[in-house]
Amino acid sequence: NSRDVVVRSRHGLMRWVSPSLTTALGWDPAAWVGHTLEDFTHPDDVPATQAARAQVQDGETVVTTLRLRDGGGVHHWVEIHAGQFIDADGEPDGIVASFRVTDREVAAQEELERRARHDDLTGVLKREEALARLRKIARHVRRGGHESAILFCDIDWFKDINDQYGHAAGDEILRTFARRIEASVRA
């Protein structure tokens, strides 16, 4: 009855998968038996999956987040908790893991990170993020022998516009200004 999916594997192949897989990702558990987790993992996350398996085989307990493919071919974020399976004789005999779909949590975290780095009004980088990126560029430029330039812009009479026409008008000017700059430079 658990919403978490439980997986038992040995020698990299899944031997048993709980029925909750159907609710979580739309697969019949039998479709996973005999396969590796990588067979259902997003290609970009395969190295992390293999690294986690190696850590568990070395006796560590691992918690990781990666994307798994559902029965319709769509990848979903999952949080996996994995450790060694210890048999009745106290010997390691493969891996036991549980996972749950965390799409909403990952989306919320990405939104928080976006808001931390980007201005809500204009969508451009906030000062601290822009300065951090400039420091990174400056280090790269010195090593590569390339040149960079920074453009500072000032909107003439902006305070007067805010005072005379209101902050909504000033906000629209800032948004328009940001869009025009973004449209004229590379990412």
How many residues does the stretch 11-30 hold that are touching a residue at least 40 places away in the same chain (Cβ under 8 Å), farther than 13 Å from R69 by Cα and of a type in the set (G, A, S)?
1
Among the residues of the stretch 12-29, is there at least one that is under 30 Å from A132 (Cα atoms), of a type in the set (F, W, Y) and out of contact with any Pro (no Cβ under 8 Å at 6 or more places or on another chain)?
no
Which strands (runs of 3 or more DSSP E) sit wholly inside the stretch 1-116 and have at least 1 residues that are surrounded by 15 or more Cβ atoms within 10 Å (Cβ to Cβ) and over 19 Å from the mean Cα position of the chain (by Cα)?
5-10, 13-17, 75-86, 92-101
Count, please, the residues in the stretch 128-173 that happen to be of a type in the set (V, I, T) and open to solvent by less than 50 Å² (accessible area, probe 1.4 Å).
3
Just one listed residue, out of T176, T122, is polar (S, T, N, Q), open to solvent by less than 60 Å² (accessible area, probe 1.4 Å), modelled with pLDDT under 95 and outside any helix (DSSP H, G or I), and it is T122
Taking the stretch 31-59, which residues are among the acidic types (D, E) and touching a residue at least 12 places away in the same chain (Cβ under 8 Å)?
E38, D44, D45
Starting from the stretch 80-109, keep only residues that are of a type in the set (S, T, N, Q), then list their pairs with residues that are modelled with pLDDT of 95 or more and in a helix (DSSP H, G or I) whose Cβ atoms are within a distance under 9 Å, requiring at least 6 positions of separation or different chains.
Q84/V56
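The values are calculated or read from the model by the stated rules, or taken from the named source; none is laboratory data. If you're wondering where the values come from, they're calculated on a predicted model, not measured in any experiment. Every residue, glycine as well, gets a Cβ built from its backbone with ideal geometry; the counts of neighbours run over all protein chains shown. Please note that ligands, DNA and RNA were not included when accessible areas were found on the heavy atoms of the full protein model with its side chains. Shrake-Rupley method; radii C 1.70, N 1.55, O 1.52, S 1.80 Å.
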